[in-house]
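The values are calculated or read from the model by the stated rules, or taken from the named source; none is laboratory data. Here the structure is a predicted model, which means the values were calculated and not measured. Cβ placement follows ideal geometry from the backbone for every residue including glycine, while neighbour counts extend to all protein chains displayed. Protein only, heavy atoms only, side chains kept; ligands, DNA and RNA dropped before computing areas. Shrake-Rupley method; radii C 1.70, N 1.55, O 1.52, S 1.80 Å.
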Amino acid sequence: MTIGVGGSSVAAELEKLSDMTAGVVPIGMDEIKGRLDKAVQLMADAGMKAVYLNAGTNLYYFTGTRWYASERMVGAILTAGGELHYICPAFEIGTVKDFMGVEGTIHGWEEHESPYELFGVLLKKLGIEGGTIGIDESTSFAMSNGVRLANPHYDYVDAKPVTAGCRTRKSAAEIALMQRAMDMTLEVHKATARILQEGMTTADVKAFIQEAHKRVGAPKGSYFCIVLFGEATAFPHGVSYEQTLKKGDVVLIDTGCQVHDYISDITRTYVFGEPNDRQREIWNVEKAAQAAAFKVAQLGTPCGDVDTAARSYVESAGFGPDYKTPGVPHRTGHGIGLDIHEWPYLVRSDRTPLDVGMCFSNEPMMVVDGEFGIRLEDHFYMASDGPRWFTQPSHSIDDPFGYET
């Protein structure tokens with residue numbers, strides 16, 4: 001039997017878990033205001049007169065204002081002079097004031113009025129008669145197109161040089177929050193492995209993970225959860241049907257939580273019972289590919305080279321080539337922070353140089369169609385001396401959590 005898999009119960013494992021968030025503090029307003037200062041510098045470099053920040057993680061990152069995106073325009077205009085002006089429905093002004101982080105003037109539009117026309121009126125009042133306006137890349141097409149059609153005399157560009165220019169390089173405070181979230185999810189993974197029993201369903205395991213994340217200090221439980229058994233593990237993001245656990249199944253669990261809005265994301269894959277030769281072979285290739293990617297992830301190296309390193313190892317082991325299976329059908333990794341997938345990406349086409357503060361998943365998943373898949377996912381961040389793991393990778397297929405190392 002795989003070490004650390006099975007042998008316990010749901011009740012026993014939940015009893016062992018406790019709140020792990022002691023001493024954790026959210027990002028302070030001084031840091032948030034500093035982000036606005038950096039954004040203004042990047043706007044000057046890009047020649048932008050203003051940037052629109054839509055409701056969602058960009059609005060929260062730069063202003064501390066939490067608001068979910070919808071069909072109604074809610075966001076903020078940041079000018080090149082550092083002024084902050086909010087736009088929202090008139091009936092939401094009181095609520096926006098309540099949620100507001102960095103203070104700014106709020107401009108409301110009535111339900112029968114066009115927020116896009118208000119956008120243009122506001123720019124003119126701010127003395128911005130023309131020039132380049134950056135639009136938050138997460139803004140819906142309907143909204144960005146509405147702004148453009150109502151105000152065609154501006155040049156609209158992707159605000160990514162400003163938004164990603166700030167958000168890709170995490171501060172020490174951001175990394176600390178992600179570290180705690182990762183630590184919490186790893187403990188949940190360990191507990192989950194121990195409760196597995198033959199006949200359990202994927203729904204049973206998801207329910208445990210939800211409660212376990214609450215026990216370790218994530219009020220909302222799991223931010224997301226993928227649980228797969230057997231052949232279903234060959235589908236990277238899951239299947240539509242529930243599965244029931246049996247001896248010899250590969251188990252793939254991918255889950256995470258939030259700590260003050262920053263996200264964890266860890267995948268563990270192991271065998272319920274004794275691994276066979278085929279499972280062992282593919283698991284070991286996956287582990288070596290993950291290690292190859294980490295080794296190449298040095299400061300100044302293009303993101304794409306990390307992906308190439310993992311894929312090259314897999315091909316040297318006789319799999320692939322490229323995205324063909326048996327092999328690795330998707331990129332090696334993604335950035336992470338307030339969003340589970342952020343720029344930049346560990347994919348061949350992304351030539352962004354690795355820099356201090358960047359954070360990535362490392363998960364070059366091996367897929368054998370019709371049999372199983374193996375994904376070992378840990379995250380690392382770029383420190384001044386190179387890459388550092390948030391969580392240590394799985395030890396071996398026989399002892400995935402390293403209990404007997």
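Observations on the model:
- The chain - percent relative contact order, Cα under 8 Å, separation 6 or more: 16
- Using a Gaussian network model of the chain in which every pair of alpha carbons under 10 angstrom is joined by a spring, one finds that among VAL314, VAL157, VAL271 the greatest mean-square fluctuation is at VAL157.
- Accessible area in the full protein assembly, largest first, 1.4 Å probe, for TYR223, TYR156: TYR223, TYR156
- Cα-based helix-to-principal-axis angle, 277-296 vs the chain, degrees rounded to 10: 40
- Each part reduced to its alpha carbon centroid, the range 72-108 and the range 125-181 end up 15 Å apart.
- Eligible lysines near LYS295 by straight Cα distance, threshold 16 Å, same-chain separation 8 or greater: LYS287
- Gyration tensor (alpha-carbon) shape descriptor, the range 187-313, a/c threshold 1.5: oblate
- Max mean-square fluctuation residue, GNM over the chain, Cα-Cα springs under 10 Å, options MET182, MET48, MET358: MET48
- Full extension of the chain segment joining SER240 with ASN276 gains 10.3 nm, where the gain is 0.36 nm per residue of separation less the Cα-Cα distance.
- Over the range 27-84, Cα pairs under 8 Å with separation of 6+ residues give a relative contact order of 37 percent.
- Ordering of 144-155, 246-257 by packing [mean C-beta count within 10 Å, highest first]: 246-257, 144-155
- Cross-link check: pairs LYS190/LYS214; LYS38/LYS170; LYS125/LYS160; LYS16/LYS190 evaluated at a Cα-Cα cut-off of 19 Å; pairs beyond the cut-off: LYS125/LYS160.
- Rounded tilt (10° steps) of 303-316 against the dominant C-alpha axis of the chain: 20
- The shape of the range 1-119 comes out prolate: with a ≥ b ≥ c from the C-alpha gyration tensor, a/c is at least 1.5 and a/b beats b/c.
- For the range 148-226, the equivalent ellipsoid derived from the Cα gyration tensor has semi-axes of 41, 18, 10 Å, listed largest first.
- Most to least accessible of GLU377, GLU15 (protein chains only, probe 1.4 Å): GLU15, GLU377
- Counting only DSSP beta bridges with both residues in the chain, the antiparallel share comes to about 75 percent.
- With bins 10 Å wide beginning at 0, the percent of Cα pairs of the chain falling in each bin runs 5, 21, 27, 23, 16, 7, 1, 0.
- The order of the peptides 56-67, 295-306, 116-127 by mean Cβ neighbours within 10 Å, most packed first, is 56-67, 295-306, 116-127.
- With a Förster radius of 41 Å applied to the C-beta separation of THR405 and PHE224, the computed FRET efficiency comes to 0.90.
- Most tightly packed first, judged by the mean number of other beta-carbon atoms within 10 Å of their residues, the peptides 390-401, 364-375 read 364-375, 390-401.
- Against the chain, whose longest principal axis is taken from its Cα atoms, helix 29-46 shows a tilt of about 70°.
- Prolate/oblate/rounded label for the range 305-405 (Cα gyration tensor, a/c 1.5): oblate
- Average projection area in nm² (convex hull over Cα atoms of the range 8-58, one quarter of hull surface): 6.9
- Dividing the mean sequence gap of close Cα pairs (under 8 Å, 6+ apart) by how many residues the range 308-405 holds gives a relative contact order of 19 percent.
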